[in-house]
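Below is one structure; the comments refer to it alone.
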Amino acid sequence: QVELVESGGGLVQAGGSLTLSCAASGSISSTNDMGWYRQAPGKQRDLVASITNFGMATYADSVKGRFTISRDNAKNTVYLQMNSLKPVDTAVYYCNAWVVVQGAYNARDFWGQGTQVTVSS
């Protein structure tokens with residue numbers, strides 16, 4: 001029904017920058033909150049940043065001032081600009097979106113397949 005496709009991960013040195021993108025496609029009536037989570041080896045998946053369809057953003061304390069989330073509602077796409085990257089930011093980053101599927105009344109959440117971000121020291 002709905003697919004989230006992420007791109008933009010990779011290997012970067014500490015202090016560098018990366019931009020992640022996530023495009024939602026399929027039988028979409030509307031898209032509500034979108035966000036990014038990350039999961040490091042042996043750890044739980046944690047929220048990095050989220051943004052409402054009105055553009056209100058929320059960030060984890062660990063990324064405030066370094067990461068910026070944004071979205072293009074016309075393209076059902078969410079972005080994560082990551083600056084001043086640190087080795088502790090190394091993780092698999094997952095896109096999440098709350099989507100009202102065509103013909104449905106309520107939103108449900110969908111996940112991307114994940115993209116690896118590795119920050120070397």
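Beta carbons closer than 9 Å, at least 6 apart along the sequence or on distinct chains, pair a first residue in segment 84-95 that is of a type in the set (Asp, Glu) with a second that is open to solvent by 60 Å² or more (accessible area, probe 1.4 Å) for Asp89/Ser62. A residue that is surrounded by fewer than 20 Cβ atoms within 10 Å (Cβ to Cβ), more than 23 Å from Gln116 (Cβ to Cβ) and at pLDDT below 95 occurs nowhere in segment 41-52.
Listed by first and then second residue, the pairs with beta-carbon distance under 7 Å, at least 6 apart or on different chains, first residue in segment 16-34 and within 18 Å of Val119 (Cβ to Cβ) and of a type in the set (Ser, Thr, Tyr), second open to solvent by 20 Å² or more (accessible area, probe 1.4 Å) and at pLDDT 95 or above, are Ser17/Asn83; Thr19/Gly8; Thr19/Tyr79; Thr19/Gln81. With respect to (1) under 17 Å from Val92 (Cα atoms); (2) within 11 Å of the chain's Cα centre (by Cα), the lone exception for Ile51 is condition (1).
Among the criteria (1) without any contact (Cβ under 8 Å) to a residue 40 or more places away in the chain; (2) at positive phi, the one Met56 does not fulfil is (2). Restricting to segment 79-91, name every residue that is open to solvent by 40 Å² or more (accessible area, probe 1.4 Å) and under 11 Å from the mean Cα position of the chain (by Cα). Tyr79, Gln81, listed by residue number.
Could you grab me the full set of residues in segment 53-78 that are assigned to a strand (DSSP E or B), among the aromatic types (Phe, Trp, Tyr) and open to solvent by 40 Å² or more (accessible area, probe 1.4 Å)? Steps first, answer last, please.
Of all residues in segment 53-78, those assigned to a strand (DSSP E or B) come to 57-59, 67-72, 77-78.
Checking the rest, the ones that are also among the aromatic types (Phe, Trp, Tyr) come to 59, 67.
Answer for segment 53-78, where residues must be assigned to a strand (DSSP E or B), among the aromatic types (Phe, Trp, Tyr) and open to solvent by 40 Å² or more (accessible area, probe 1.4 Å): just Tyr59.
Which one of the conditions (1) out of contact with any Leu (no Cβ under 7 Å at 6 or more places or on another chain); (2) in contact (Cβ under 8 Å) with a residue 60 or more places away in the chain; (3) open to solvent by less than 60 Å² (accessible area, probe 1.4 Å); (4) closer than 19 Å to Thr19 by Cβ does Gln113 fail to meet, given that it meets all the rest? Of the numbered conditions (1) out of contact with any Leu (no Cβ under 7 Å at 6 or more places or on another chain); (2) in contact (Cβ under 8 Å) with a residue 60 or more places away in the chain; (3) open to solvent by less than 60 Å² (accessible area, probe 1.4 Å); (4) closer than 19 Å to Thr19 by Cβ, the odd one out for Gln113 is (3). Please give the number of the condition Gly103 fails out of (1) in a loop (DSSP other than H, G, I, E, B); (2) surrounded by 17 or more Cβ atoms within 10 Å (Cβ to Cβ). So Gly103 meets the others, but not (2).
The values are calculated or read from the model by the stated rules, or taken from the named source; none is laboratory data. All values reported here derive from a predicted model rather than from experimental measurement. Positions of Cβ are generated from backbone atoms using ideal geometry, with glycine treated the same way; all protein chains shown enter the neighbour counts. Heavy atoms of the whole protein, side chains included, go into the accessibility calculation; ligands, DNA and RNA do not. Shrake-Rupley method; radii C 1.70, N 1.55, O 1.52, S 1.80 Å.
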